[in-house]
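*Asks:* Pasting a structure below so you can have a look.
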């Protein structure tokens, strides 16, 4: 297990309660931190009967300060955690924020927010999408869905671009497109490399760019086993309230990189938890 004790010691004391999801209660034992509830493993057949309410209540009652999760759902569960434990996942969404990704993206660490955020009504953007290439894939992880646009390392040095088009309905009250974005850092740059990321809205056969950013790609520090959580972006789409639109996500890599042989994926853009959040009244 690629998890160092300092990742806990930085954010919690030994007497604190630690919430681990779904099957890594061994961390509680190794770190001598107590469980927040009677449930040690949070598989579907353990906690689906109440949507994870008892686990959330225990975490709140016992003052859990840190949540550590796997990236992926347990392999044998029929549905994901967000489906069988919606009370628990909403509790985590409101009360904790992602701080770091650990190791080769196997684990995520969340710490308690200073104040809970309001409950958000949202729908995933990734339910009705068209890909232009098999190099773009969608994966349903434990706490969020992610669009992976994997352009690759750029062996021949040419520019490479991928586009994903998703059909979404904007609530009548208005809404925002919200997502976190990151890229896997290479171990070496063979040439200056940039990653251009764009979001466009297509409605009534007209396109409008609503987000654009160019990243100067940075290399990884081989001594660091964790990376900060991806930055969140929010774009107001209330101009399209009550309408169905095509949301276009485009990534373009320019330059050559070398990826670690241990990397889970080659170079590309990770669109984490892209969703439409309804505007509150």
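*Asks:* What is the order of 279, 78, fewest Cβ neighbours within 10 Å to most?
*Replies:* 78, 279
*Asks:* State the Cα centre-to-centre distance between the stretch 258-279 and the stretch 163-213 in whole Å.
*Replies:* Between the Cα centre of the stretch 258-279 and that of the stretch 163-213, the gap is 12 Å.
*Asks:* If you project the alpha carbons of the stretch 122-278 onto their three principal axes, what span does each projection cover, largest first, in Å?
*Replies:* On the principal axes, the stretch 122-278 reaches 48, 31, 24 Å in Cα extent.
*Asks:* Also, quick follow-up: If you restrict to DSSP beta bridges whose two residues both lie in the stretch 6-112, what percentage is antiparallel, to the nearest 5?
*Replies:* 70
*Asks:* Looking at the chain only, what percent of DSSP beta bridges run antiparallel? Nearest 5 please.
*Replies:* Bridges in the chain are about 95 percent antiparallel.
*Asks:* At 37 °C and 0.692 mPa s, what whole-number value in µm²/s does Stokes-Einstein give for the translational diffusion of the stretch 6-112, with Rh from the Kirkwood sum over Cα pairs?
*Replies:* Roughly 240 µm²/s, to the nearest whole number.
*Asks:* Over the Cα atoms of the chain, compute the convex hull volume and normalise it per residue, giving Å³. Spell out each step's value before the answer.
*Replies:* Details: hull volume 39.4 nm³, N = 281.
About 140 Å³ per residue, rounded to a whole number.
*Asks:* Right, here's the next one. Got the relative contact order for the stretch 1-90 handy, in percent, Cα pairs under 8 Å and 6 or more residues apart?
*Replies:* 34
*Asks:* For the chain, modelled as a GNM with alpha-carbon contacts under 10 angstrom, which of 262, 49, 231 fluctuates the most?
*Replies:* Taking springs between Cα atoms under 10 Å, the residue moving most is 262.
*Asks:* Report the residue, chosen from 35, 259, 26, that carries the largest GNM mean-square fluctuation when the chain is represented by alpha-carbon nodes joined by springs under 10 Å.
*Replies:* Result for the chain, Cα springs under 10 Å: 26 fluctuates most.
A short reminder: the numbers here are calculations on the coordinates, not readings from a lab. Just so it is clear, the model here is predicted, and its values are computed rather than measured. Heads up, the Cβs are rebuilt from the backbone with ideal geometry, glycines too, and the neighbour counts pull from every protein chain shown.
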